[in-house]
Amino acid sequence: MVYRVLVVDDEPNMRAVLSDVLTEEGYEVAVARDGAECIARAASGDFHVVVLDLKLPDASGIDVLREIRAHTPETVVIMITAYSSVDTAIEAMKCGAYDYITKPFKIDNFRMVVKSALELGAPFSRAPRRQALRVESEFGMVGSTPEMQRIFRMIDDIAPTNATVLIYGESGTGKELLARAVHNCSHRADKPFVKVNCAAVPENLLESELFGHERGAFTSAVARRLGRFEVADTGTVFLDEIGEMSPAMQAKLLRVTQEKEFERVGSSQTIRVDVRIVAATNQDLKERVARGEFREDLYYRLSVIPVYLPPLRERKADIPLLVNKFIAYYSETLGRKVTQVSEDGMRMLMDYDWPGNVRELENCIERAVIFAKGSVIEEDNLYIGLPAINAPASSGTHGNGGEAGQAGPGVRPMSIREVEKAHIVQVLRETHSNRTLAARILQISRRTLLNKIKEYGIAE
Ligand SMILES: Nc1ncnc2c1ncn2[C@@H]1O[C@H](COP(=O)(O)OP(=O)(O)OP(=O)(O)O)[C@@H](O)[C@H]1O
Ligand SMILES: [Mg+2]
């Protein structure tokens, strides 16, 4: 299939250069000199991509963009702007432009943007969808509600492209799982998936963490170290908790998203990489942009494909599916024969609001599988609203950590014995049933541990 691109610019030189580059890439190229000609040509719907100058003699590029979006929404539009008009470029992104390039630009960069735009545009012209969605069938993400189905379809479509994805959702809604699905469904699947938790790395180390450093770049830099972006070359970088990034780092990241290049700390040599960026946040980034705390240009760079994962309480119909998935999983890994939850138990699960979202539900089912007497999880086995058995000592500072220690309505408090049993099971699992190690962690003798295992009937 030959891709068709329309280049719109009033400067003859620019038109010629751009057409040449694109023709070389094997695309079929047409040109237009002004807004009217562009609108007339694009209206045919013949073009996969329109490369549109923001400043045209007879119309504003934004108006032309609006016109194209209104009549042929499947056409992907890339804006070209002078550096001074970045604000307008952002406006263009809001109006549905796929991306923008600021003048002067590197030809390579231009080539890459058009290429990724075509990959994004390709789904529109693709053969009918495969029956099963890959995200769902292969990567263990479940959800039958229309919201989740829509997300799965979207990920299926955009995963094969290089488009940057920004995942937004409360803690525990599945952001990381989704980020991995994006990577695993892409042609980068067998390349590295590199995760950076931007909130966990101290501010002064984040730059070196992301971009690497040369020996001697700072006192503790005793050897050259590759940054995460270099490690992830040809693969995907997952920037978790992106909202926590300082303004200085935001500026550096902006450059990477635009030019795909950076320097190691302490080096002037520019490194180019081919990485796809997936970012996640549990903050309302738009609001942080409005408050001036997050760069607007970076926000639009990252949210080429924004994905909002709704909290579990807004898609309760997914609960049974998730519950059954977790029962099957924990039954298998914990060597239990639990197969289902009683009707009353399910009602309890459906009634609760799950402030810790899917993660809290998963912890609850894991615990229930441990406590279930037979093959059915009863109400008694459900400890809803308690901190996770494996909850970290502090739940961090990033809000939404709702699952920790909230004894909400309908909570049945646990006895010391129950807590003790659950804790022993947890430690045994983490030590892969190494009893000596487990006893040391629990600070009890091995003998005492064996007695307790017997007493509580803990299966291993
Ligand atoms: N739709 C889903 N289907 C199956 N499992 C899910 C789903 N969503 C989340 N999970 C599971 O719930 C747990 C939490 O998911 P994940 O770590 O991706 O959440 P998160 O949004 O990144 O949370 P946080 O903001 O706290 O980092 C994981 O064990 C994940 O496998
Ligand atoms: Mg996460």
(message) With a cut-off of 8 Å between alpha carbons and a minimum separation of six or more residues, what is the relative contact order of the chain in percent?
(response) 10 percent
(request) Using only the alpha carbon atoms of the range 4-125, find the Kirkwood hydrodynamic radius as the inverse mean reciprocal pair distance, in angstroms to one decimal. (result) 13.9 Å
(message) I'd like the trypsin sites (Lys or Arg not before Pro) in the range 161-266 restricted to DSSP loop residues with at most 13 other Cβ atoms within 10 Å, sorted by number.
(response) ARG215
(request) Would you mind checking the tilt of helix 446-455 against the longest principal axis of the Cα atoms of the chain, expressed as 0 to 90 degrees and rounded to 10? (result) 80 degrees
(message) Quick check on the range 134-310: what does the Kirkwood estimate of hydrodynamic radius come out to from the alpha carbon pairs, in Å?
(response) 16.7 Å
(message) Please list, by residue number, every one of the GluC sites (Glu not before Pro) in the range 33-97 that is coil in DSSP and has at most 13 other beta-carbon atoms within 10 Å.
(response) GLU74
(request) With both partners inside the range 24-112, how many of the DSSP beta bridges are antiparallel, as a percent to the nearest 5? (result) 10 percent
(request) Can you check what the Kirkwood hydrodynamic radius comes to for the chain, Cα pairs only, in Å to one decimal? (result) 25.0 Å
(request) Express as a percent, rounded to the nearest 5, the fraction of DSSP beta bridges in the range 134-310 (both residues included) that run antiparallel. (result) 20 percent
(message) To make sure I understand the rule: partners must be lysines, Cα under 18 Å from the Cα of LYS191, and not fewer than 8 residues away in the same chain. Which ones qualify?
(response) LYS260
(message) Calculate log10 I(q)/I(0) of the range 248-324 for q = 0.19, 0.24, 0.26 Å⁻¹, where I(q) comes from the Debye formula with a single equal point scatterer on each Cα and nothing for solvent.
(response) -0.89, -1.15, -1.25
(request) Would you mind checking which residues have amide H under 5 Å from ILE80's amide H? H placed 1.01 Å from N; only 5 or more apart, or other chain. (result) LEU52, ASP53, LEU54, ILE101
(request) Grab the other residues whose beta carbon is less than 10 angstrom from that of ALA290, score K and R as +1, D and E as -1, and report the net. (result) -1
(message) Taking just the alpha-carbon atoms of the range 332-376, what radius of gyration and Dmax come out, in angstrom?
(response) 11.0, 29
(message) I need THR219, THR75, THR173, THR333 ordered by Cβ neighbour count within 10 Å, fewest first.
(response) THR219, THR333, THR75, THR173
(message) Can you tell me the orientation of helix 319-333 relative to the chain, as the angle in degrees between its alpha-carbon axis and the longest Cα principal axis, to the nearest 10?
(response) 60 degrees
(request) Could you go through the range 366-373 in sequence order and give the Karplus-derived ³J(HN,Hα) for each residue, using 6.51 cos²θ - 1.76 cosθ + 1.60 with θ = phi - 60°, rounded to whole Hz, and x for Gly and Pro? (result) 4, 5, 5, 5, 5, 8, 4, 7
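Using Cβ counts within 10 Å as a stand-in for footprinting exposure, how do CYS185, CYS95, CYS364 rank, fewest first?
CYS95, CYS185, CYS364
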(request) Rank LEU442, VAL358, VAL77 by how far each Cα sits towards the positive end of the charge dipole of the chain (+1 on Lys, Arg Cβ; -1 on Asp, Glu Cβ) and give me just the farthest. (result) LEU442
(request) Take every Cα pair under 8 Å in the range 328-382 that's 6+ residues apart, average their separations, divide by the length, and report that relative contact order as a whole percent. (result) 47 percent
(request) Give me the percent of DSSP beta bridges within the chain that run antiparallel, rounded to the nearest 5. (result) 15 percent
(message) For the chain, take the longest principal axis of its alpha carbons; what is the angle in degrees between that and the long axis of helix 247-259, to the nearest 10 within 0 to 90?
(response) 60 degrees
(request) Kindly identify the range 289-361 as rounded, prolate or oblate by the Cα gyration tensor criterion: order the square roots of the eigenvalues as a ≥ b ≥ c, call it rounded if a/c is under 1.5, otherwise compare a/b with b/c, prolate if a/b is larger, else oblate. (result) prolate
(request) Name the residue farthest towards the positive end of the dipole of the chain from the options ASN162, ASN282, ALA97, assuming +1 on Cβ of Lys and Arg, -1 on Cβ of Asp and Glu, about the Cα centre. (result) ASN282
(request) Among the chymotrypsin sites (Phe, Trp or Tyr not before Pro) in the range 232-334, which ones are in a DSSP loop with at most 13 other Cβ atoms within 10 Å of the Cβ? Mind listing them? (result) none
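For the chain, what does the helix formula give at 222 nm: sum of -39500 (n - 2.57) over DSSP H segments with n ≥ 4, over the residue count, nearest 500 deg cm²/dmol?
It comes out at -12500 deg cm²/dmol, rounded to the nearest 500.
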(message) Neighbour counts of other C-beta atoms within 10 Å: give me ASP233, ASP9, ASP46 arranged from fewest to most.
(response) ASP46, ASP233, ASP9
(request) Considering the options ALA251, VAL182, GLN426, tell which one lies farthest towards the positive end of the dipole of the chain, charges being +1 on Lys and Arg and -1 on Asp and Glu at the Cβ, about the Cα centre. (result) GLN426
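Quick note: the coordinates plus some simple rules give every number you see, no bench work behind them. On a predicted model such as this, the values are computed, not experimentally measured, just so you know. Neighbour counts are summed over all protein chains in view; Cβ atoms, including those assigned to glycine, are modelled from backbone coordinates with ideal geometry.
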